[in-house]
Amino acid sequence: MKFIADLHIHSKYSRATSPNMVLEELDRWADDKGILVMGTGDFTHPKWFKEIKEKLEPAEPGLFKLKPQYKKKTFKETLAETRFLLSVEISGIYKKNGKVRRIHNLIFSPNIKIAEEINSQLGKIGNLKSDGRPILGLDSERLAEIIFNINSEAAIIPAHAWTPWFSIFGSMSGFDSIEECFGKYADKIFAIETGLSSDPAMNWQLSKLDNIALISNSDSHSLEKIGREANIFDTKLSYKGIIDAIKSGAPKFVATIEFFPEEGKYHYDGHRNCDVIFHPDETAKHNGICPVCKKPLVIGVMNRVAKLADKKNLKIEIENNIRKYDDFTPYYNLVALRTIIAEAFAVGPTSKKVKAEYEKLVKIFGNELKILMETDYDDLKSAAGVKIAEGVKRVKEGKLKIRPGYDGEYGEVKIF
């Protein structure tokens, strides 16, 4: 069965997250986006876990669906019942090999009972009530020991692997390898999450990742942003089906859906407060020092990947917006439909005009990702007009300009 999954999001109980990030709304919005399987996020938080157990019911093995009494009305006929997979992001801040590490890891649980045991064990280490993404003084290797001793079917996947401040390979507090981070449990780490500021082509430059799957998720803190990155599977609809597909790669792991990495918050180097944005070559010329404040620059993802890369000048094949290399899982680069509509109308993406057009198109074609990846140009032109159709076409062809993101600032996309 072919479907799309976004396995990393946050609930309303996470810091800086919309109060609308609740199961009822996630169920409704996922269908509009074209996503069948959503991560629950935050299952370690007691209040959120209580809602998960109250509002969801078992579906396929290891997956859940919203109970009928919690279903919300939508502006269109719902095509599918959203499934939920138990997930959480753990923030570990600890010292290892003489350096302070700040690592975010995703945990997937195959059932409620195992999630309860994980919560029980982690609750002995830190305060799970403080945040949906709890901060624990817990070494990643020790985290792995705890999780895999509870159940071998649980999964740990390093989150947004290249983000400077909080990731396994981050320039500010990360490691140079999975082995250095996870020690004797490194062989149980079968995937990393690429994050918004890198794409598979960047990760393919590291031979040490040749046997590591690359997954992509939205890490969304708001409903509008779910599905901005996601995974396409053609496998059995179940927890095990998804995990096995990630491990095995193509053809069961069909593709990932990615930002253009320049749009991510940390693609280039720089200083936001100083309005300094540098390509890695420019950073080298300045010896990594900001020319304005004379302090070290925040080193972004592009620079960090280049430092660890041992493969250069990869020949990436591009066909119908699908980017391929060797026998690795391919990927799409997309821009959100609301962003395209907003630029076509020369208004803000949160305007009523954009909302109305977005809902009209989703009602006609079924969902956002279908519009961005599958809808015929002439059909879209007939429904939305030339400019929106042209905008989608240009994104598919990569004919757009992006001012790269840096030091916590998203990149700025210009299509027209």
Since residue 67 meets every condition but one in (1) free of Cβ contacts under 8 Å to residues at least 24 places away in the same chain; (2) buried (at least 17 other Cβ atoms within 10 Å of the Cβ), which condition does it not meet?
(2)
So, residue 331, is that one of a type in the set (Phe, Trp, Tyr) and either in the same structural domain as residue 225 (by TED's automatic domain parsing) or surrounded by 21 or more Cβ atoms within 10 Å (Cβ to Cβ) (or both) or not?
yes
Candidates 309, 336, 356, 342, filtered to the one that is at pLDDT 95 or above, among the small types (Gly, Ala, Ser) and exposed (fewer than 15 other Cβ atoms within 10 Å of the Cβ):
356
Within region 73-103, the count of residues that are within 15 Å of residue 176 (Cα to Cα) and either in contact (Cβ under 8 Å) with a residue 40 or more places away in the chain or of a type in the set (Ser, Thr, Tyr) (or both) comes to 7
Being of a type in the set (A, V, I, L, M, F, W, C) and assigned to a loop (DSSP other than H, G, I, E, B) is true for just one of 84, 75, 108. Which residue is that?
75
Identify all residues within region 2-61 that are under 25 Å from residue 143 (Cβ atoms) and in a helix (DSSP H, G or I); write none if there are none.
46, 47, 48, 49, 50, 51, 52, 53
Are there any helices (runs of 4 or more DSSP H) wholly within region 345-388 with 2 or more residues that are farther than 13 Å from residue 33 by Cβ and touching a Lys or Arg at 6+ places or on another chain (Cβ under 6 Å), and if so which?
352-365
Conditions first: (1) within 19 Å of residue 95 (Cβ to Cβ); (2) surrounded by 18 or more Cβ atoms within 10 Å (Cβ to Cβ). Residue 179 passes all but one, so which condition is the exception?
(2)
Given the conditions (1) free of Cβ contacts under 8 Å to residues at least 40 places away in the same chain; (2) surrounded by fewer than 22 Cβ atoms within 10 Å (Cβ to Cβ); (3) over 30 Å from residue 356 (Cβ atoms), every one holds for residue 61 apart from (1)
Under the condition of being out of contact with any Pro (no Cβ under 6 Å at 6 or more places or on another chain) and among the polar types (S, T, N, Q), which residue from region 36-69 is nearest to residue 219 (Cα to Cα)?
40
Pairs where the first residue, in region 125-150, is closer than 17 Å to residue 9 by Cα and the second is of a type in the set (Val, Ile, Thr) and part of a strand (DSSP E or B), C-beta under 7 Å, 6+ apart:
134/90; 135/93
Listed residues 117, 153; which is part of a helix (DSSP H, G or I) and either in the same structural domain as residue 42 (by TED's automatic domain parsing) or farther than 16 Å from residue 44 by Cβ (or both)?
117
Residue selected from region 257-282 under the condition β-branched (Val, Ile, Thr) and surrounded by fewer than 24 Cβ atoms within 10 Å (Cβ to Cβ), by the criterion nearest to residue 335 (Cα to Cα)
277
Checking the condition closer than 16 Å to residue 263 by Cβ and touching a residue at least 40 places away in the same chain (Cβ under 8 Å), which residue from 401, 363, 396, 387 passes?
396
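Every residue, every condition in (1) touching a strand residue (DSSP E or B) at 6+ places or on another chain (Cβ under 9 Å); (2) part of a loop (DSSP other than H, G, I, E, B); (3) on the phi > 0 side of the Ramachandran plot, yes or no:
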site	(1), (2), (3)
161	yes, yes, no
164	yes, yes, no
168	yes, yes, no
171	yes, yes, no
180	yes, no, no
186	no, no, no
192	yes, no, no
196	yes, yes, no
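Yes or no, residue by residue, for (1) crowded, with 19+ Cβ neighbours inside 10 Å; (2) over 29 Å from residue 261 (Cα atoms):
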position	(1), (2)
110	yes, yes
116	no, yes
124	no, yes
127	no, yes
132	yes, no
137	no, yes
140	yes, no
151	no, yes
155	yes, no
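The values are calculated or read from the model by the stated rules, or taken from the named source; none is laboratory data. Given the structure is predicted, the values throughout are model-derived calculations rather than measurements. Positions of Cβ are generated from backbone atoms using ideal geometry, with glycine treated the same way; all protein chains shown enter the neighbour counts.
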